[in-house]
Each structure stands twice: as structure tokens, then as C-alpha cells.
């Protein structure tokens, strides 16, 4: 669809790629028709680049580690408990939180596309949306986790959650040792995105 | 649809490749494409299920050879053309032929935070009786629709157990084809890894898959 513009006389510009041209055309035509507002697009682009991200989810985790009753609420009704902290909305309207323990290790995937809890984790990384992870983590989770540097004992129980519906999942990782005296804020800083997907554990502070 | 997108359990894709410090958008156009989703979704000319199905219909090699946001681009172009929102000629030209068709965009910049925060839950408040309850043993139907389904091949005909009832949700298999929401209960269903993958995998492992009433029969 369309072709690449060839700026043969101007070697400082590289040609626009096919997707760039097509997205520009789509945005331009929809804007001219009055259907979309480019400023709304700007706002959305910025929101997911700078405002919404795993720092949200790490606050949920830290609070659950510190506040036993919050943790109960979180595991019972993830949507409401997460919304208590102000995180809700697109691709996170209906949340389920699953807890990692010494015995049980949960890991998330969407084999069919890329479903992921945006309000708590932001946009998913490319590897989560690509064929290797999506195909393998349901059938050989331990091999995939090993590629991430996570080796689990044979006794441990691995549970893979395939987000085939509109429920969005989040892992509550185990609180690491050596964090007993840390504040909620300090704890949140330890929590990584990968630990909330379940491909990593939260590491004890040095 | 038994399409290439239904990847669970496949072999041959190699190791998981990760990019260090991966940017949110690899190019400006990816960010614009992301934003085109909520800004056009509010216009109501497609459901999320139709959008996914459009991607599923891209063709297997095309799907594998294109990037993630190119899938979204394909879906939105196809839907916008088929639903008469834009024409192919307009997209080629990069300009509208017909001029403004709407006085107000579907989503203004000022409304964005609210729309993002509210989202669009697929939960339906209709009171529908569940067919199953927690602890019930179920068998997954062996359906192979050529249209949209969220029933992956790797669980069909398998024996599972209802782990929890999530409540009543719209049903994608109908919602993707203009056949309505057909609200019904959606469950998290437990499958032992050995049930799915044979006796060589760990006895301790399991896969939980979200499924609607229409995908399941009592064991």
C-alpha cells in the first residue's frame, strides 16, 4: 500500500518506511474527517511513555508486603484493591492477582495475542508479545524461566496463566529476605516489572 | 480460527530474545499506532474482538514477518475501509475526499485521562446463570471455528477443573462477528501440565486458561 518516497536528491533524509507512511495517511485522513484529534493521540503517546508503567504495580506489591489486610483484599478482588491506589482502566478493568510463594511460582502469558495489565505494568515488552515466549512458556515454562536466569526447584509448582479473556493478571512476587526494615517506598523500588510477570524473582537488596 | 496466532505449545521459534533497555516505542509511528486504538475504539465502528480477528486473518507468513504494531495497522486499515470510515483511495492519497464527516472528534485531548482511567470492561451486568462452579471437572469442547475464538488448540478435548468463576462477560466468538455479546460466565480453568503435554513434563506444573461456558461441557 503506497510506496516509499525516494529522496534521491537529498541524502540527509532517509525514506519513510511503509508503516510510517501508512500510519501518517491513516491519522491524516481520520483527522481531516474530524473523527480523531491529533492532540488526543499526543496525550495517549505521552501517557504510556512517561506516566503509566511498572512503577504503578510496584506500589501495589510493596503495600501488599507491608499491609496484611491489603494483601488479602488484593488476592480476593484485585480490581478493587488496585483501584484503591488509583490504578485502573484500559487493559486492566478486571484484575486478578496471583501470589508467588516458596512453593508456588506463577507466570503470565497471552498465547493468542498480547494481553497484559497496562495500568499496573504499562505496555508490554516486545518479547512478551512475540512468538518464542507465547509458544513456549505454556508448554515448557521451566526452560523459559531458565533463559531468564530463574531456576526453580523440582518440588516447586509452576502455574502458567494464559490471558485468553478480558481478565488481566498480575503476579505478587515473594518479598525477599533482608527487607524487614525497609519502608514501603524503598520496597517498591526493589520490585521489577519482570517479577510482576513472573519471569524473575525480586532480589534481596545488597 | 486455527490461525498462526494460536501459538501455545508450538516449537521452532527459538529462544526468547530480549532487548536491553527497550524503548516504549521503537519509532514515532508505533506510538501513533498505539494511540490510534483508543481514539478510534470510541467511535464504535469495531469491537476489540473484531480487531483481534482482523489480525488473525492477516495470513500466517504475513503475521510472522511483520512487527507487532504492523499487526495493529493492518487491523485498523482493514476495519476502517470495510466499515466505510475511509476509502482505500483516501489512504493512498493521504487525504480525505469527502471532507469533514463529524463535528467533534470521538476523543478530545482533555478527555484522554478519564477514558484511560475508566477503560472499557467486557463485564456484562446481565444476570446469567453459570453452568459450572468452582471445583467442577470439565472437558473442553473440540470446536474448530473458522471465525474468531479465544479457545486455544492446546486445550481442546482436555480435562480441566474450574478454579474460579470470574463472572459474566461478553463472548468474543459472537462479538467478533456482529452477532452480539451473548453474555455468559467466564472461568479460570486449571489443567495439569501432564494433561496438556504428556507424561514427560513436571507433575507439579499446571496451566490456567480463561474460558467461557460455551467452551465447556461437564466431565
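A few points about this structure:
- Subset of segment B:86-97 that is more than 7 Å from every other protein chain (Cβ to nearest Cβ) and either part of a loop (DSSP other than H, G, I, E, B) or in contact with a helix residue (DSSP H, G or I) (Cβ under 7 Å, 6 or more places away or on another chain) (or both) - its residue that is nearest to residue A:19 (Cα to Cα): B:88
To keep it simple, each residue is scored yes or no on (1) buried (at least 22 other Cβ atoms within 10 Å of the Cβ); (2) within 14 Å of chain B (Cβ to nearest Cβ).
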residue: A:156; (1), (2): no, yes
residue: A:162; (1), (2): yes, yes
residue: A:175; (1), (2): no, no
residue: A:184; (1), (2): no, no
residue: A:190; (1), (2): no, no
residue: A:195; (1), (2): yes, no
residue: A:200; (1), (2): no, yes
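To keep it simple, each residue is scored yes or no on (1) under 19 Å from residue B:88 (Cβ atoms); (2) surrounded by fewer than 21 Cβ atoms within 10 Å (Cβ to Cβ).
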| position | (1), (2) |
| --- | --- |
| B:32 | no, no |
| B:36 | yes, no |
| B:40 | yes, no |
| B:44 | no, yes |
| B:54 | yes, no |
| B:59 | yes, yes |
| B:64 | no, yes |
| B:67 | no, yes |
| B:76 | yes, no |
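- Residues located in segment B:170-190, provided they are surrounded by 23 or more Cβ atoms within 10 Å (Cβ to Cβ) and over 16 Å from the mean Cα position of the chain (by Cα): B:187, B:188, B:189
- Restricted to segment B:109-127, and to residues there that are surrounded by 15 or more Cβ atoms within 10 Å (Cβ to Cβ) and assigned to a loop (DSSP other than H, G, I, E, B), the residue that is farthest from the other protein chains (Cβ to nearest Cβ) is B:124.
- Test: residue in segment B:9-28 that is surrounded by 19 or more Cβ atoms within 10 Å (Cβ to Cβ), more than 7 Å from chain A (Cβ to nearest Cβ) and at pLDDT 95 or above: no
- Of all residues in segment A:71-83 being assigned to a helix (DSSP H, G or I) and within 14 Å of chain B (Cβ to nearest Cβ), the one that is farthest from residue A:125 (Cα to Cα): A:76
- Among (1) farther than 23 Å from residue A:83 by Cα; (2) free of Cβ contacts under 8 Å to residues at least 40 places away in the same chain - the single one residue A:165 does not satisfy: (1)
- Some residue of segment B:203-215 being within 16 Å of the chain's Cα centre (by Cα) and closer than 18 Å to residue B:50 by Cβ: yes
- Of all residues making up segment B:10-52, the number that are part of a helix (DSSP H, G or I) and free of Cβ contacts under 8 Å to residues at least 60 places away in the same chain: 11
- Verdict on residue A:109 being under 17 Å from the mean Cα position of the chain (by Cα), surrounded by 23 or more Cβ atoms within 10 Å (Cβ to Cβ) and on the phi < 0 side of the Ramachandran plot: yes
- Check on residue B:167, on the phi > 0 side of the Ramachandran plot, facing chain A (nearest Cβ under 9 Å) and surrounded by 16 or more Cβ atoms within 10 Å (Cβ to Cβ): yes
- Pick from segment A:91-112, criterion touching a helix residue (DSSP H, G or I) at 6+ places or on another chain (Cβ under 9 Å) and in a loop (DSSP other than H, G, I, E, B), ranking: farthest from the other protein chains (Cβ to nearest Cβ): A:100
- Residue in segment A:16-70 that is nearest to residue A:101 (Cα to Cα), counting only those that are in contact with a helix residue (DSSP H, G or I) (Cβ under 7 Å, 6 or more places away or on another chain) and in a loop (DSSP other than H, G, I, E, B): A:52
- When the residues of segment B:146-164 are filtered to those that are in a loop (DSSP other than H, G, I, E, B) and at the interface with chain A (Cβ under 8 Å from one of its Cβ atoms), the one that is surrounded by the fewest Cβ atoms within 10 Å (Cβ to Cβ) is B:152.
The values are calculated or read from the model by the stated rules, or taken from the named source; none is laboratory data. Predicted model only: the values in this text are computed from it and were never measured. Heads up, the Cβs are rebuilt from the backbone with ideal geometry, glycines too, and the neighbour counts pull from every protein chain shown.
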